[in-house]
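The values are calculated or read from the model by the stated rules, or taken from the named source; none is laboratory data. Model, not experiment: these values are computed from the prediction. Positions of Cβ are generated from backbone atoms using ideal geometry, with glycine treated the same way; all protein chains shown enter the neighbour counts. SASA here: full protein model, heavy atoms, side chains in, ligands and nucleic acids out. Shrake-Rupley method; radii C 1.70, N 1.55, O 1.52, S 1.80 Å.
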Amino acid sequence: MIAVEIEKKLKAYKGLQILLIKKQFIPGSITRITGPSGAGKTTFLKMLAGLINPDSGTIKAGNTIWFDASQNINLSPQKRRIGFVFQDYALFPNMTVKEHLEYATNDTAWINRLLSIGVLETFTNHKPNHLSGGQQQRLAILRALATKPKLLLMDEPFSALDIKMKSALIKELQALFIGLGATALIVSHNPQELDGISTAELEIGD
Amino acid sequence: MDLTPIWLTLKLAAITTLILLLIGLPLAWWLSKKRSFVKIIIEAIITMPLVLPPSVLGFYLLLAFSPQRGLGHWLQQTFDVQFVFSFQGLVLASVIYSMPFMISPVKSAFQQLPQSLSQASYTLGKSQWQTFRYVLLPNIKPSLLTAAVLTFAHTLGEFGVVLMIGGNIPGVTRVASIAVYDSVEQMNYTAANNYSLVLFTITFVMVLSVFIYNKYQAKSPLE
């Protein structure tokens, strides 16, 4: 169980805005996160990952406290072991597809499995600037999965994929999440995208 | 032609560039992260040699390291090192004088990398050092090379600072730029021309190769 109760002041177009989130995420659940642009969806994911600090509140994962402002506890992103898919993919321009995955894990069998899920087997020696937008996005997803995380935070992870590729990949991911026992939080603007697989909903803003 | 000043110049430039790579990289990285008032002050100090007359810098270095007083006296008494009229003095002055040429391009290269690159690396469990070594550093390589070449070339071209702190001691502090001046003073235009031509050629080739390399690298999405 991941229990979140946090507050963060956001500098928004309209002035200061308070992002307040109180929510529990059941292990193995897939939560779809929606909300208008600039409402703080990305900030929320980054706070969970330990990349941005909330102003106050707590984040607990099972019995471990990840963040507690009052006790001055703030676990580093490295220790939270989260899989994160960035909206801008954040691929490393110097690394090939294979090197991205090898940077994250030594498990060759797992790397090969991921490559086949992402249909990137024939592109292992390509660097990101020689991949299409959809391939780059798939690589970002695979890299996030490489460490076999228990919590996956995905910031619009399917936006660059065509419908056919998307539905095939989502099916594969769903099975993978079950295998890993992973909890997933997915920011999505497309209402139909996660139909049938998301088990919970979180609306941020408004 | 006596080649000693040329060799001395190349040695000085190589050592200065090496030292600045070692100090400059971590310093530029640190400066590229969150801004603070202290960092702005430090950056201003590092950038000053770009606009300060070299003789002013040389004059203060001469005062600071003069073995008759203060710091210079203490260094001589304690470690038996003398920075005035010595090769190590030239190195010290060159490191300070050429520092902006190393720091500034490397710093802006670090700043141009999206923050999400380091963040992605952290979420994969990698430390700051691993992230620096395997993610950030390889992606600023073109800028690092440019900075190193410019630092080297700029050190070749030093005159004022070197003359102030090093003087004109053959084989010790008489670098090529000073040999040119010295030859002209002695009305030996042939020697002056020889030294000048060597400096001119080396500098031209270096600057040209930076331009060629950067044009080739411009295909990279980060440039």
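Could you pull out the trypsin sites (Lys or Arg not before Pro) across the stretch B:67-150 that fall in loop regions by DSSP (anything but H, G, I, E, B) with no more than 14 other Cβ atoms inside 10 Å?
Details: sites: B:Arg69, B:Lys107, B:Lys126, B:Arg133; in loops: B:Arg69, B:Lys126.
Loop-located and lightly packed - B:Arg69.
Summed over both chains, the area buried between A and B is near 1700 Å², taken from the accessible surface of protein heavy atoms with a 1.4 Å probe. The rule of thumb for compact globular proteins, 2.2 N^0.38 Å, goes into the C-alpha radius of gyration of chain B 1.15 times. The separation of the stretch B:134-150 from the stretch A:11-57, counted between C-alpha centres, amounts to 36 Å. Partners of B:Lys141 within straight-line reach, counting lysines whose Cα lies under 18 Å from its Cα and excluding those fewer than 8 residues away in the same chain: A:Lys127, B:Lys107, B:Lys215, B:Lys219. Per residue of A:80-92, other chain Cβ atoms within 10 Å of the residue Cβ number 5 on average.
Normalised per residue, the accessible area of the stretch B:4-217 is 51 Å², obtained with a 1.4 Å probe and no contribution from ligands, DNA or RNA.
The alpha-carbon of A:Lys22 sits under 18 angstrom from the alpha-carbons of these lysines, leaving out residues fewer than 8 places away in its chain: A:Lys8, A:Lys9, A:Lys41, A:Lys46, A:Lys60.
Please give the helix A:108-117 orientation as an angle from the longest Cα principal axis of chain A, in degrees from 0 to 90, rounded to the nearest 10. It is inclined by approximately 90 degrees.
When the dipole is taken about the Cα centre of chain B, and only Lys, Arg (+1) and Asp, Glu (-1) are charged at their Cβ, what size is it in debye, to the nearest 20?
Working: 13 positive and 7 negative charges, 209 e Å.
Dipole about the Cα centre, nearest 20: 1000 debye.
Dipole of the stretch B:4-217 computed with +1 at Lys/Arg Cβ and -1 at Asp/Glu Cβ about the Cα centre; of B:Ile41, B:Ser108, B:Ile6, farthest Cα towards the positive end is B:Ser108. For the stretch A:1-117, the residue among A:Gly35, A:Gly57, A:Gly83 whose Cα projects farthest onto the positive side of the dipole built from Cβ charges is A:Gly35. Comparing each chain alone with all protein chains together (probe 1.4 Å, DNA, RNA and ligands left out), the residues of the stretch A:28-68 losing at least 30 Å² of accessible area are A:Leu51. Partner shielding of B:109-118 amounts to 3, given as the average count of beta-carbon atoms from other chains within 10 Å of each residue beta-carbon. For the protein assembly as shown, the antiparallel share of DSSP beta bridges with both residues in that region comes to about 60%. Against chain A, whose longest principal axis is taken from its Cα atoms, helix A:163-180 shows a tilt of about 70°.
Pairs of alpha-carbon atoms within less than 8 angstrom and 6+ residues apart define the contacts here; what relative contact order does chain A have, in percent? Here the relative contact order equals 30 percent. Membrane-span-like helices in chain B, defined purely by DSSP H runs whose alpha carbon atoms cover 24 Å or more axially and whose average Kyte-Doolittle hydropathy reaches -0.5, are B:4-32, B:87-112, B:189-217. Here the contact order of the stretch B:4-217, divided by its residue count and restricted to Cα pairs under 8 Å and six or more residues apart, works out to 30 percent. The residue list B:Val172, B:Leu75, B:Pro138 was ranked by how far each Cα lies along the charge dipole of chain B toward its positive end, using unit charges on Cβ atoms, and B:Pro138 comes out on top.
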